[in-house]
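This report concerns only the one structure given below.
The values are calculated or read from the model by the stated rules, or taken from the named source; none is laboratory data. Computed from a predicted structure; not experimentally measured. All Cβ positions, glycine included, derive from the backbone under ideal geometry; neighbour counts span all protein chains shown. Calculation scope for accessible area: heavy atoms of the full protein, side chains included, ligands and nucleic acids excluded. Shrake-Rupley method; radii C 1.70, N 1.55, O 1.52, S 1.80 Å.
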Amino acid sequence: MMRSLWTGATGMVAQQLNIDVIAHNLANVNTIGFKKSRAEFEDLMYQNMRIAGAVTGTGGDQRIPTGIQVGLGVRPTTVHKFFTQGDYQNTGNALDLAIEGDGFFQVEVNGEMLYTRAGAFKLNQDGTVVTANGYILQPEITVPTETKSIVVTENGNFVALDGQNQEVAGGDIPLYTFINPAGLEARGRNLYVPSEASGDAVEGIPGEDNVGTIAQGFLEMSNVEVVDEMVNMIVGQRAYEMNSKSIQTSDSMLQMAIQLKRQ
C-alpha cells in the first residue's frame with residue numbers, strides 16, 4: 001500500500017485538531033480572562049531508503065552526499081496556551097477586578113485551591129466575595145450589610161466603607177504566580193489547577209517582585225484576536241483539503257495500477 005495514503009491521513013487528523021483548537025478560541029472570544037491556545041505539531045519518523053555518507057560500491061573514499069529519507073506524516077505535540085494580556089473593559093463595578101501583569105486570583109473549589117484570571121466577583125447570601133459559580137475568593141473576605149462602598153487598591157488592599165466613610169471590614173487580596181503558567185491544567189469555568197509542569201503557586205503582593213497589580217472597576221477580556229484566528233482557520237482548511245487531495249491522488253494511482261493488470 002502506498003505510504004502517501006497513510007501520510008495524508010495523518011495530515012488530515014492533525015488539521016482537524018488544529019481547527020478544533022481554533023474553534024475553541026473563537027467560541028471564547030468574549031469569555032472573561034480566557035487565554036487562547038495554539039496546536040503545535042512535529043513530523044513523524046522517516047524511512048531510510050539510502051543512508052547519506054555511505055561508501056559507494058566503486059571503492060575508495062567516495063561517499064553518497066545525500067540519502068533518501070521518506071517521511072511518514074505528522075502528529076500533534078502540544079496545545080500551547082498563551083497567557084498574554086487581554087484587553088480591558090471598564091465596567092465601573094466595584095467587585096470587577098482586573099490583573100495588570102502576571103498573577104492569578106486563588107479560589108476554593110470543594111476544598112481544593114484553584115486559580116483564575118477572571119475577576120468578575122460577586123457577593124453571596126453571607127456577603128462573602130465569590131466567583132459567578134459561588135467559589136470563595138481566598139483569603140476569604142466578608143462584606144458587612146452596612147457597607148455602602150468598596151475600595152480595592154492596586155496593591156490588593158480591600159476596604160469596605162459605611163455611609164460615613166468609616167472602615168467596617170478589610171483584608172488583602174494576594175496574587176499567585178507560576179514559573180510556567182503554560183503548564184497549568186485548564187479545568188473549565190475559567191479555572192486552572194497546578195501541575196508538575198507549571199510548578200507550585202507562589203504567593204505575592206500585587207505590585208511587588210514582578211507580580212501584577214489590581215485594577216478595580218475593570219475586567220480583563222479574552223486575548224483571542226479574531227482576525228488571526230480566521231486567517232489560521234483558512235490556512236487549516238486549505239491544509240486539510242491538500243492532504244485529502246494527496247489521498248485522492250494516491251487512490252487514483254493505485255486504480256491505474258489495477259487497470260494495467262486487467263488489461
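Check segment 218-226 and report whether any residue there is over 20 Å from LYS35 (Cα atoms), acidic (Asp, Glu) and surrounded by fewer than 18 Cβ atoms within 10 Å (Cβ to Cβ). Even if it seems obvious, please write down each step before you answer.
The first filter runs over segment 218-226 and keeps only residues over 20 Å from LYS35 (Cα atoms), leaving none.
The answer is no, given that none of the residues of segment 218-226 is over 20 Å from LYS35 (Cα atoms), acidic (Asp, Glu) and surrounded by fewer than 18 Cβ atoms within 10 Å (Cβ to Cβ).
Which of (1) assigned to a helix (DSSP H, G or I); (2) modelled with pLDDT under 95 is the odd one out, the single condition ASP228 does not satisfy?
All conditions are met except number (2).
Take the residues in segment 24-40 that are in a helix (DSSP H, G or I) and open to solvent by less than 50 Å² (accessible area, probe 1.4 Å); name whichever of them is farthest from VAL226 (Cα to Cα).
ASN25
Considering only residues of segment 72-103 that are open to solvent by less than 50 Å² (accessible area, probe 1.4 Å) and β-branched (Val, Ile, Thr), which is nearest to ALA118 (Cα to Cα)?
Residue satisfying both the conditions and the ranking: ILE99.
So which residues in segment 152-175 are farther than 17 Å from ALA120 by Cα and touching a residue at least 40 places away in the same chain (Cβ under 8 Å)?
ASN155, the sole residue that qualifies.
Given the conditions (1) open to solvent by 40 Å² or more (accessible area, probe 1.4 Å); (2) modelled with pLDDT of 95 or more; (3) among the charged types (D, E, K, R), which single one is not true for ARG63?
(2)
Going residue by residue through segment 120-127, is there one that turns out to be in contact (Cβ under 8 Å) with a residue 12 or more places away in the chain, open to solvent by less than 20 Å² (accessible area, probe 1.4 Å) and within 18 Å of VAL224 (Cα to Cα)?
There is no residue in segment 120-127 that is in contact (Cβ under 8 Å) with a residue 12 or more places away in the chain, open to solvent by less than 20 Å² (accessible area, probe 1.4 Å) and within 18 Å of VAL224 (Cα to Cα).
Can you tell me which condition GLY170 does not meet? The list is (1) of a type outside the set (A, V, I, L, M); (2) part of a strand (DSSP E or B); (3) under 24 Å from GLU203 (Cβ atoms); (4) at pLDDT 95 or above, and all the others hold.
All conditions are met except number (4).
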